[in-house]
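Asks: Just dropping this structure here.
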């Protein structure tokens, strides 16, 4: 059987888990679109060329919804092209302000809103464009993977904006799956991955974030998962027959 043609889109692909996902997708995609504020390293384009994958990058600030709207228009022509598989991975995210209510009372409303713009508003906007466009390809496999967090399902003092926005991501994924039964939509918690965000967490103040020591210990004991290994698990899971049967998933349980 011929290898299915695949169009893959990865947001937040300039580093960390998003970059690891993009790198591995060059092996199995004919076209790879990356969307991030910063340009991915040249090694990604080189890898895509080696694997005969067309790679195009779109720079966008996800906290600027006008820029997000522009990206939606720019990726639509690609979504209109015929492929056997369409994959959207909404990986871009931000920790947002780390503070309890006392600190948040001194935090600008715009800073809090930016967390929701990046973690959920952008996802709804891009996913809606994606689903509305690719649904016309009736025989294609259509998949969305939203990178969620254990913080969507457990409360952490100091992470009001992060927990709430990731919980919203989970619920949106469930709504989108109800609305678009022709697609497989999964909101996936990746575990504790060794990314820049983990460095931001460890730089937090104990008064603002009481669970701080747990995350420092995970790093000290080398208990963080590597982005490459987590990316491999995620992309293997998307090919599993059970993918899409459960909207809320945790890669550590796969």
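Every number here is computed from the coordinates shown, using simple stated rules; none is lab data. None of these values were measured; they are calculated from a predicted model. FYI the Cβ positions are ideal-geometry reconstructions off the backbone, even for glycines, and counts take in every protein chain you see.
Asks: Out of curiosity, is residue 69 within 20 Å of residue 125 (Cβ to Cβ), in a loop (DSSP other than H, G, I, E, B), in contact (Cβ under 8 Å) with a residue 12 or more places away in the chain and touching a helix residue (DSSP H, G or I) at 6+ places or on another chain (Cβ under 9 Å)?
Replies: For residue 69, the condition - within 20 Å of residue 125 (Cβ to Cβ), in a loop (DSSP other than H, G, I, E, B), in contact (Cβ under 8 Å) with a residue 12 or more places away in the chain and touching a helix residue (DSSP H, G or I) at 6+ places or on another chain (Cβ under 9 Å) - is not met.
Asks: While we're looking at this one, here's another question. Only one of these conditions is not met by residue 170: (1) without any contact (Cβ under 8 Å) to a residue 24 or more places away in the chain; (2) surrounded by 16 or more Cβ atoms within 10 Å (Cβ to Cβ). Which number is it?
Replies: So the condition that residue 170 fails would be (1).
Asks: Could I ask something else about it? Here are some conditions: (1) over 30 Å from residue 206 (Cβ atoms); (2) buried (at least 20 other Cβ atoms within 10 Å of the Cβ); (3) out of contact with any strand residue (DSSP E or B) (no Cβ under 8 Å at 6 or more places or on another chain). Residue 99 meets all but one. Which one does it not meet?
Replies: For residue 99, the exception is condition (1).
Asks: If you don't mind, another one. Regarding residue 217, is this residue out of contact with any helix residue (DSSP H, G or I) (no Cβ under 9 Å at 6 or more places or on another chain), surrounded by fewer than 18 Cβ atoms within 10 Å (Cβ to Cβ) and in a helix (DSSP H, G or I)?
Replies: yes
Asks: From the list 206, 188, 212, which one is in contact (Cβ under 8 Å) with a residue 12 or more places away in the chain and either more than 20 Å from the chain's Cα centre (by Cα) or within 19 Å of residue 93 (Cα to Cα) (or both)?
Replies: Just one listed residue meets the conditions, 188.
Asks: Any residue at all in region 127-150 that is part of a helix (DSSP H, G or I), under 22 Å from residue 198 (Cβ atoms) and either under 16 Å from the mean Cα position of the chain (by Cα) or without any contact (Cβ under 8 Å) to a residue 12 or more places away in the chain (or both)?
Replies: For region 127-150, residues part of a helix (DSSP H, G or I), under 22 Å from residue 198 (Cβ atoms) and either under 16 Å from the mean Cα position of the chain (by Cα) or without any contact (Cβ under 8 Å) to a residue 12 or more places away in the chain (or both): present.
Asks: How many residues does region 1-24 hold that are over 14 Å from the mean Cα position of the chain (by Cα) and under 27 Å from residue 200 (Cβ atoms)?
Replies: Number satisfying all stated conditions: 2.
Asks: Let me ask something additional. Could you tell me whether region 160-178 includes any residue that is touching a helix residue (DSSP H, G or I) at 6+ places or on another chain (Cβ under 8 Å) and either at positive phi or outside any helix (DSSP H, G or I) (or both)?
Replies: For region 160-178, residues touching a helix residue (DSSP H, G or I) at 6+ places or on another chain (Cβ under 8 Å) and either at positive phi or outside any helix (DSSP H, G or I) (or both): absent.
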